[in-house]
Amino acid sequence: MRLYELGERLSSAKDKSQHAADYEAIIAAVKGQSVKAKQLAAQLIPRFFRSFPALATRAMEAMFDLVDMEELATRIQAIRGFPLLAKDAEFVSKIADILGQLLASEENVERDAVHKALMSLIRQDVKSSLQPLFKHVESGSEIREKVICFLKDKVFPVKAELLKPQAEMERYLTDLIKKSVLDVTGLEFKLFMDFLRSLSIFGDSAPQESFQELIEIIQAQADLDAQFNVSDIDHIERWTSCMYMALPIFMRGGSSSKFLNYFVKQIVPVFDKIPEEKKLDLLKTVAASSPYATAQDSRQLLPSVVQLLKKYMPGKKVEDINHNYVECLLYTFHHLAHKTPNTTNSLCGYKIVTGQPSDRLGEDFSEHYKDFTERLTGTEETVRAASKRLTQGMADFNKAISSAKTEEEKTKIKSDQQKSTMAMRAYNNILAMAQPLHVKSPLFIGDKKITLSWMEQPKKPAATAAGGKRPQPAINGNAPASKKGRGAGATRNQLVNRAFEG
């Protein structure tokens with residue numbers, strides 16, 4: 001075959017640039033009828049590509065034609081040759097764009113070749129390769145999901161190898177991600193945020209501005225500049241999930257102000273109209289973030305929390321209360337009041353002296369104190385009665401499991417048992433938090449003595465055998481430390497499947 005002769009002549013030539021006609025003939029073979037000639041051209045064009053810069057554009061176009069061929073073997077041969085064509089940034093971007101589109105291939109062997117070619121290309125020029133891939137995510141093209149999977153499975157795991165110099169390349173990738181997450185599904189957004197948090201520029205030693213940058217990305221996703229629409233379930237879920245996602249960053253010093261202000265001004269006024277199954281999620285996120293609120297934010301949020309507490313704490317003993325709501329609200333109340341205790345003077349009639357004009361000690365708020373403590377008493381009596389009934393019923397679960405005839409019955413009983421256990425934890429927390437609030441000048445709980453019922457419970461230390469070593473103490477309530485959616489059925493922009501399920 002003539003192409004073999006052309007290839008051998010170019011291989012043996014010392015000055016290949018004198019054989020431009022031979023290389024042109026190889027490029028022309030792509031337009032021919034012979035499948036074997038096309039496959040051979042797919043091998044030869046990349047091999048001698050750098051020897052003929054004047055023919056680079058024609059060679060590139062020929063390679064693009066080859067990956068459009070019907071014959072699988074021809075396409076794969078062309079795909080494997082693409083990394084050899086990466087002679088400058090412009091060519092790299094074009095090739096990465098084409099390979100990105102080929103990620104949608106249904107042939108496993110072809111898709112595997114694309115993965116390898118793309119990784120080879122990325123290792124040669126990270127910036128020029130990743131930019132067109134992220135463009136597919138940002139623009140919402142048909143292959144965006146395939147591109148995201150490729151980034152997750154192939155690129156992100158080897159970030160330490162690819163991102164050099166580290167600070168510069170991490171910043172470049174961060175900017176690409178920030179543009180791309182404006183319209184993604186909840187799970188995709190979580191994927192990108194988890195990746196960003198793994199970068200050194202957002203590590204524990206990063207400046208405060210870095211944490212705030214992450215918070216601002218999450219705030220944009222939560223759509224905090226929009227008017228809250230109580231009938232927009234998607235927005236409620238997005239706000240809840242975004243705030244939950246921001247919790248680890250609040251712990252490291254990121255500001256929760258914008259989220260909390262939005263809750264006070266937009267959500268609390270229409271709280272009654274929010275679907276019941278969403279209210280608890282909202283209260284859980286506020287409770288979980290309350291330990292990290294500033295004193296200023298606490299002052300703004302406390303009136304709303306007291307308002308909700310009065311709604312859900314009856315002034316007398318009743319049959320039952322919404323213990324989940326009360327637990328969250330009491331926990332939030334304690335942590336906020338711990339930051340700004342004198343704010344409770346006018347809200348609950350407490351007499352707490354800080355020496356500030358805001359103490360308002362000269363005013364009479366005794367009616368507030370009477371009302372608030374009566375509600376606490378009514379809540380405690382209701383909870384004790386409910387707790388007693390629950391305790392009596394807990395013993396029956398093991399008997400019921402033993403007598404269950406099917407696995408389905410056992411699963412149902414175990415689920416009920418778990419719910420009862422969670423309710424008992426909530427009851428115990430409510431009693432523990434209500435008890436210190438009966439005095440005129442209470443000390444608010446501002447540490448981690450209380451673990452919310454729906455959070456992971458502290459491990460109980462194992463019994464110490466005589467002469468044995470004491471177990472290592474639990475750290476922060478955990479076990480001792482050791483050495484929009486797209487797609488079928490997705491709701492547009494829906495964030496992280498219900499953040500608190502399970």
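Structural remarks
- Accessible area of the chain belonging to carbon and sulfur atoms, whole % at 1.4 Å probe: 50 percent
- Helical runs (DSSP H, four residues minimum) scored at -39500 (n - 2.57) apiece and divided by the length of the chain put the mean residue ellipticity at 222 nm at -19000 deg cm²/dmol.
- Candidates per GluC sites (Glu not before Pro) in segment 248-334, loop by DSSP, up to 14 other Cβ within 10 Å: E319
- Neighbour net charge for E319 - beta-carbon separation under 14 angstrom, K R +1, D E -1: +3
- Restraint check, K284/K414; K273/K351; K164/K190, Cα-Cα greater than 27 Å: K273/K351
- Charge dipole (Cα centre; +1 on Lys/Arg Cβ, -1 on Asp/Glu Cβ; no other charges) of the chain amounts to roughly 1420 debye.
- Think of each Lys and Arg Cβ as +1 and each Asp and Glu Cβ as -1; about the Cα centre, that makes the dipole of segment 46-91 roughly 300 debye.
- Here the Karplus curve 6.51 cos²θ - 1.76 cosθ + 1.60, taken at θ = phi - 60°, turns the phi angles of segment 232-237 into couplings of 8, 4, 4, 5, 4, 5 Hz, with x standing for Gly and Pro.
- When you filter the trypsin sites (Lys or Arg not before Pro) in segment 9-54 for DSSP loop state and at most 13 other Cβ atoms inside 10 Å of their Cβ, you are left with K14.
- Heavy-atom accessible area per residue - the chain, 1.4 Å, Å²: 50 Å²
- GluC sites (Glu not before Pro) within segment 1-82, DSSP loop, no more than 11 other Cβ atoms inside 10 Å: E70
- Straight-distance crosslink candidates among aspartates and glutamates, where the alpha carbon sits under 12 Å from K440 and sequence neighbours closer than 8 are dropped: none
- Evaluated with a Cβ-only charge set (Lys, Arg +1; Asp, Glu -1), segment 298-454 carries a dipole of roughly 260 debye about its Cα centre, given to the nearest 20.
- For segment 340-356, 3J(HN,Hα) per residue [Karplus equation, 6.51 cos²θ - 1.76 cosθ + 1.60, θ = phi - 60°, Hz, x = Gly/Pro]: 9, x, 5, 5, 6, 4, 7, 8, 10, x, 6, 10, 10, 9, 10, x, 9
- Dipole of the chain, positive end: most advanced residue of N429, L3, S141 [Cβ charges, Cα centre]: N429
The values are calculated or read from the model by the stated rules, or taken from the named source; none is laboratory data. Remember, predicted model here, so these are calculated numbers, not experimental data. Glycine gets a Cβ as well: all are built from the backbone with ideal geometry, and neighbour counts include every protein chain shown. Just the protein is used for accessible areas: all its heavy atoms, side chains included, with ligands, DNA and RNA removed. Shrake-Rupley method; radii C 1.70, N 1.55, O 1.52, S 1.80 Å.
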